[in-house]
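First comes the structure, then the notes that go with it.
The values are calculated or read from the model by the stated rules, or taken from the named source; none is laboratory data. Note that the coordinates shown come from a computational prediction; the quantities given were computed from them, not determined experimentally. Heads up, the Cβs are rebuilt from the backbone with ideal geometry, glycines too, and the neighbour counts pull from every protein chain shown.
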Amino acid sequence: MDIEIEGLTKTYIAVTALRNVSLRVERGESVGLVGANGAGKTTLLHILMGFMPFDEGTVKLLGTSSVNLDAATKERIGFVAEETGLPPWASLPDIVQLYRNLYGRWDDERLSRLIDEWDIVADKRMRSMSKGQRRLAELALCFSSHPEIVLLDEPFIGLDAVMRMNVLSVMKEMNSHNDTTIFYSSHILSDIEKIADRVVIIRQGEVCLDEQIQNLKSSVEEVFVEQYGLSREESYLMGE
């Protein structure tokens, strides 16, 4: 089991961000985490990465507790946060030098292919790049480390529809050809539907739906609006 979450609760003073969340993701699954802003998606992903403590429950990645992830385990995980974590003064080649030392399965060939396919301007400093270019640079770096698990928090921020499709295509390739486990959040269900096997909907810190995507094909937009509190944009689902 690549991801194991049992009874996870996280409280910020008087606000419960996550309440009794339980979730399991097997090797090679692609799972989309959906919810409105403030639902708890980012908190859940940060806890998975060991970035913040929690109050109750257990959380494991690749069989290791998230509070004790060692360097060898982290090397097998790719993570992209909602907000960029790349240093603003660095160019992509600067960052690649660091990543080569951190990741034993680093793939220069894959990175070069993604730079070309996504038209990334590699010689610019991060602070000079557009939001979309920075996002593409982060995703290219993540994918080029050949992770066994990919954790992505709103990975399509700043990307137009065409580029979102290009990124989704690479994610689908990694999932189907390399058996990469993908767990990614979005507030737009149509982006989840493209490659996810399962969709998990989180509302006010609680999992209110965990279902195989094919079982949702016949669902209509109004069901999600009324039952799960998503806006119409967020509930745009399953277009043919």
Exercise for the section: Within region 1-22, work out how many residues are within 30 Å of Asn178 (Cα to Cα) and touching a Phe, Trp or Tyr at 6+ places or on another chain (Cβ under 9 Å). Expected result: 3
Practice task
Tell me which residues, restricted to region 1-18, are in a strand (DSSP E or B), in contact with an Asp or Glu (Cβ under 8 Å, 6 or more places away or on another chain) and either surrounded by fewer than 19 Cβ atoms within 10 Å (Cβ to Cβ) or modelled with pLDDT under 95 (or both).
Solution key: Gly7, Thr9, Thr11
Completion exercise
Looking across region 190-240 at residues that are at pLDDT 80 or above and small (Gly, Ala, Ser), the single one that is farthest from Leu168 (Cα to Cα) is Gly205
Exercise for the section: Mind listing whichever residues of region 166-187 are surrounded by fewer than 18 Cβ atoms within 10 Å (Cβ to Cβ) and either acidic (Asp, Glu) or in contact with an Asp or Glu (Cβ under 6 Å, 6 or more places away or on another chain) (or both)? Expected result: Glu173, Asp179
Problem - Residue ID - farthest from the chain's Cα centre (by Cα), chosen from residues in region 123-172 that are outside any helix (DSSP H, G or I) and hydrophobic (A, V, I, L, M, F, W, C) - result: Met129
Practice task
Test each condition in (1) over 21 Å from Leu152 (Cβ atoms); (2) not in a helix (DSSP H, G or I) for Asp119 and report the one that comes out false.
Solution key: (1)
Practice task
Give the residue, chosen from Arg105, Arg113, Arg135, that is crowded, with 17+ Cβ neighbours inside 10 Å, closer than 22 Å to Ile182 by Cβ and without any contact (Cβ under 8 Å) to a residue 60 or more places away in the chain.
Solution key: Arg135
Exercise for the section: State all residues of region 173-190 that are part of a helix (DSSP H, G or I) and out of contact with any strand residue (DSSP E or B) (no Cβ under 8 Å at 6 or more places or on another chain); if no residue qualifies, say none. Expected result: Glu173, Ser176, His177, Asn178, Ser190
